[in-house]
1. Output the number of the condition that Y666 fails; it satisfies all remaining conditions of (1) in a helix (DSSP H, G or I); (2) open to solvent by less than 10 Å² (accessible area, probe 1.4 Å); (3) farther than 30 Å from P204 by Cα.
2. Anything in the stretch 426-457 that is over 18 Å from K52 (Cα atoms), open to solvent by less than 30 Å² (accessible area, probe 1.4 Å) and not in a helix (DSSP H, G or I)? List them, or say none.
3. Among the listed residues T555, T574, T568, identify the single one that is at pLDDT below 85 and not aliphatic (A, V, I, L, M).
4. Within the set of pairs 6+ apart or on separate chains, which have a first residue in the stretch 160-177 that is farther than 22 Å from G659 by Cα, a second that is surrounded by fewer than 17 Cβ atoms within 10 Å (Cβ to Cβ), and C-beta atoms under 6 Å apart?
5. For residues that are among the polar types (S, T, N, Q) and open to solvent by less than 10 Å² (accessible area, probe 1.4 Å), tally how many sit in the stretch 291-307.
6. Can you tell me which of A123, A80 is over 29 Å from K432 (Cα atoms) and either charged (D, E, K, R) or open to solvent by 30 Å² or more (accessible area, probe 1.4 Å) (or both)?
7. Condition test on L387, is it in contact with a Phe, Trp or Tyr (Cβ under 8 Å, 6 or more places away or on another chain) and either open to solvent by 40 Å² or more (accessible area, probe 1.4 Å) or over 21 Å from L67 (Cβ atoms) (or both)?
8. If a residue has to be assigned to a helix (DSSP H, G or I), open to solvent by 10 Å² or more (accessible area, probe 1.4 Å) and touching a helix residue (DSSP H, G or I) at 6+ places or on another chain (Cβ under 6 Å) to count, how many in the stretch 163-177 make the cut?
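The values are calculated or read from the model by the stated rules, or taken from the named source; none is laboratory data. Just so it is clear, the structure is predicted and the values come from calculations on it, not from any experiment. Cβ: placed from backbone, ideal geometry, glycine included. Neighbour counts: every protein chain shown. Surface areas here come from the heavy atoms of the whole protein model, side chains and all, with no ligands, DNA or RNA. Shrake-Rupley method; radii C 1.70, N 1.55, O 1.52, S 1.80 Å.
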Amino acid sequence: MVDILMLPAVLTACLPVVNLCQMFSYSGEVICEPPNNKLDKFTGTLYWRDNKYPLDNEKMLLRGCVLRNTDWCFGMVIFAGLQTKLMQNCGRTKFKRTSIDKLMNTLVLWIFGFLVCMGVILAIGNTIWEQKVGRTFSVYLLWDEPIRNNNVVFSGFLTFWSYIIILNTMVPISLYVSVEVIRLGHSYFINWDRKMYYIQKDTPAEARTTTLNEELGQVEFIFSDKTGTLTQNIMVFNKCSINGKSYGTMHICVWFLCTRTDCVDFSFNPLSDRKFKFHDSSLVEAIKMEEPSVQEFFRLLSLCHTVMPEEKNEGDLVYQAQSPDEGALVTAARNFGFVFRSRTPETVTLYEMGIAVNYQLLAILDFNNVRKRMSVIVRNPAGHIKLYCKGADTIIFDRLDPSNQEFAGEGLRTLALAYKDLDENVLEEWMKRLLNASTVIENREEGLADLYEEIETGLMLLGATAVEDKLQEGVPETIACLTLANIKIWVLTGDKLETAMNIGYSCNMLRDDMNEVFIISGHSVSEAHALEPELEQVLLETACLCKTVICCRVTPMQKAQVVELVKTNKMAVTLAIGDGANDVSMIKTAHIGVGISGQEGMQAVLASDYSFAQFRYLQRLLLVHGRWSYFRMCNFLFYFFYKNFAFTLVHFWFGFFCGFSAQTVYDQWFITLFNIVYTSLPVLAMGLFDQDVNEANSHRYPSLYRPGQLNLLFNKRQFFLCTLQGMGTSFLLFFIPYGAFCLVVRDDGSHISDQQAFAVIISTSLVIVVSVQIGLDTYYWTAVNHVFVWGSLAVYFAILFAMHSDGLFSILPSHFPFIGTARNCLTQKSVWLVIMLTTVACVMPGLAVRFLKTDLYPTLTDKKKAKSLNIDTQCRLCRSRPRSRTSDSCGGPGAVHADTVARCTMFSSDTLVRLASGLSGHCVKKQCGLVGLCFGGLRLS
């Protein structure tokens with residue numbers, strides 16, 4: 001893959017014929033900048049036939065781009081392989097890891113240290129036992145040669161490594177495999193969620209990673225772009241001001257009802273866009289009356305742009321614009337009779353009120369973030385040369401002619417349009433200097449900027465445009481719900497201050513009663529250095545004291561710096577969400593990156609960890625999927641460590657009764673199958689399907705999200721508690737059967753004291769205990785949970801009797817030596833009594849602690865579940881009451897029943913927020929039984 005220079009774009013004016021044969025005869029030299037990662041910039045010069053031709057980014061076809069409106073072109077390779085700009089932008093990919101991942105790695109190291117400590121204790125015990133007791137059994141148990149030479153320390157050394165091997169099941173190697181399986185399942189649940197599917201664009205939600213699902217339940221800061229993320233990024237031409245007169249949306253208000261005037265009829269224009277809507281017919285009348293200022297206004301909109309037209313059928317125009325607002329302005333000019341039809345590198349063709357007019361394109365003065373304006377210089381058919389300019393209002397007003405300053409004082413805060421008549425001689429001299437400045441390699445941009453500044457002075461203001469970018473559906477409700485979940489939302493946008501504040505009010509992030517609003521402008525002198533190391537802590541502390549933070553006029557790099565500042569200093573989980581290429585840097589910087597597949601391509605989606613089509617789906621992603629994933633993962637880890645300690649530490653207690661000889665309690669088949677077969681599926685089912693509250697209550701009570709932010713469900717303290725519980729269970733699993741065997745006899749009076757029967761009883765007790773425990777730990781039972789839990793028990797007994805059967809012993813006697821042990825042991829009533837006693841003793845302490853904790857120190861989830869259960873019970877009682885046949889008039893029994901039902905009616909948080917946001921300025925007047933609504937400041941669409 002290569003970066004290609006398109007030669008026809010360079011040599012159009014000097015190549016008489018462009019065909020394949022003649023292209024081979026052309027020779028020239030290109031001098032350009034070295035390989036770099038600047039996608040929007042290219043500086044070079046082509047030397048051909050003693051002439052110099054400037055090369056810029058408009059003449060480059062970068063790797064990954066596609067040709068439009070043409071089938072082929074001639075080109076020359078400039079950069080190839082790793083030197084291409086796309087590859088230069090591919091920095092090191094940072095592997096994102098969750099806080100639980102980091103905690104798991106720490107805990108594994110702790111467990112390994114604990115394993116070494118137990119190995120040392122048992123090795124010391126073996127050394128002492130061999131020294132004091134073992135030598136008395138040397139006739140019965142022959143010592144090896146080293147020990148026979150009184151080297152009991154060597155025996156302890158061998159015992160240490162033997163116990164390291166026996167107790168290695170305490171180190172959860174299978175844990176990482178199980179965690180990845182659970183994460184994969186959670187990712188599929190997000191992909192399959194129909195409530196996050198956007199039917200209008202056939203776009204489902206997509207989990208593009210499987211490693212961050214539980215991190216979605218711990219987010220504290222959300223950094224959001226504005227355009228295309230909170231808004232639809234579908235620009236609508238609503239209003240304009242031409243020569244001091246305003247045109248646009250008009251409302252007719254009668255009492256408290258406001259209605260919008262009818263749409264303008266554009267049937268006079270056969271090339272109009274039928275989707276375009278405008279609500280002021282006076283502007284059409286001005287066009288038909290051929291008012292010069294109005295015609296010049298729309299002529300500027302149809303000429304000053306970089307839009308490419310595509311016309312597959314006659315009159316069926318499709319505009320390919322670099323930005324939606326530019327496309328909206330050209331479409332507006334098209335509907336008002338100034339149709340941009342086609343362009344070449346030298347000409348632009350318009351249809352002005354049905355008449356084709358060709359303009360010679362002399363120069364394009366490009367837009368960039370520093371200039372904040374764009375200009376074109378054209379020659380009309382009459383030979384007059386004009387400069388048309390559009391840009392930010394503050395920039396254009398500074399360049400107006402002194403005689404035109406009065407209109408600028410009216411305070412327009414939208415895109416301003418201006419023009420200027422140019423003299424032929426002045427332009428010719430300026431074009432020569434422009435050619436010289438555009439062919440130098442060093443400081444080309446500075447030279448061009450000075451020339452642009454020189455000619456863009458003394459402008460005459462034509463007017464201004466107002467383009468509306470509507471909010472996406474459900475944005476205010478989503479922000480309100482996430483705020484209730486104690487999630488702080490910061491808006492980082494490149495728009496100006498007024499636009500950012502208006503969106504803040506529309507989203508309910510800003511309110512009139514707020515006095516803690518912190519708005520940062522990235523281009524102001526005082527705050528431009530706020531992200532410097534000396535001041536960034538002050539910026540962070542000030543912002544964190546505010547309820548709402550909006551950063552405007554920030555660059556993509558500044559967005560990433562703000563995210564990194566919070567991520568590093570607050571030690572909180574951050575989430576960045578955006579839809580465009582300018583959001584990629586902050587998406588990659590944040591712990592979790594979310595891309596919205598909107599109008600600005602797929603760059604943000606490709607760089608993200610999760611993607612969907614609408615901002616409102618973020619609420620479900622965090623409060624439902626994220627919270628469930630965190631809850632399930634924490635419960636899974638707690639139970640996994642518990643069962644491993646309960647399973648493994650039995651060997652430790654047995655070591656004190658077997659002379660520290662590294663003899664195992666269980667048979668080797670049970671040790672092999674315990675984590676793989678007997679207990680793997682139930683814990684996976686719990687990790688995949690468990691839920692403490694349903695999705696409705698997750699939305700109804702956003703505060704349930706708080707434990708994840710505080711990392712309460714699984715931390716080092718919880719790990720210590722599950723370790724104690726596992727150690728206690730292992731202690732009871734060993735000593736209850738051991739103590740019972742000292743006294744219990746068979747039905748025939750013989751002792752149940754062989755090691756094989758002891759192993760069967762402990763293993764059976766262990767499987768039953770961990771199965772009962774996972775049943776108590778499971779909040780939400782599904783058919784899968786039932787099959788896996790009870791099925792695992794059935795599989796255990798089936799394998800147990802099979803391995804102790806006569807058949808397998810006859811086939812492989814060395815591998816299955818416990819012939820008949822299970823059959824002989826488990827037929828005794830006393831054995832089952834011991835198993836039941838062991839199960840109850842292991843389970844009851846934890847059950848009692850859980851009951852007392854729920855009753856005396858209930859968690860937030862316990863409180864909300866009890867409240868929800870109480871409300872549901874009341875509603876069922878209300879529905880179960882018979883409705884009275886009497887009239888529901890005031891004071892009748894029916895009215896009482898209606899009042900009871902009304903009090904039991906539940907409104908979702910979305911509904912309440914929607915009512916509150918939509919009727920924030922209403923007042924209710926009750927006069928003669930008639931209720932009237934007066935809407936203050938309510939926008940009707």
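1. Unmet condition: (1).
2. Result: E456, single match.
3. Exactly one residue qualifies, and that residue is T555.
4. V171/F112
5. Of the residues in that region, 1 qualify.
6. When all the criteria are applied, what remains is A80.
7. yes
8. Keep residues of the stretch 163-177 that are assigned to a helix (DSSP H, G or I), which gives 163-170, 173-177.
Pick out the ones that are also open to solvent by 10 Å² or more (accessible area, probe 1.4 Å) and you get 164-166, 168-169, 173-174, 176-177.
Next cut, touching a helix residue (DSSP H, G or I) at 6+ places or on another chain (Cβ under 6 Å) only: 164, 166, 169, 174.
Total meeting the criteria: 4.
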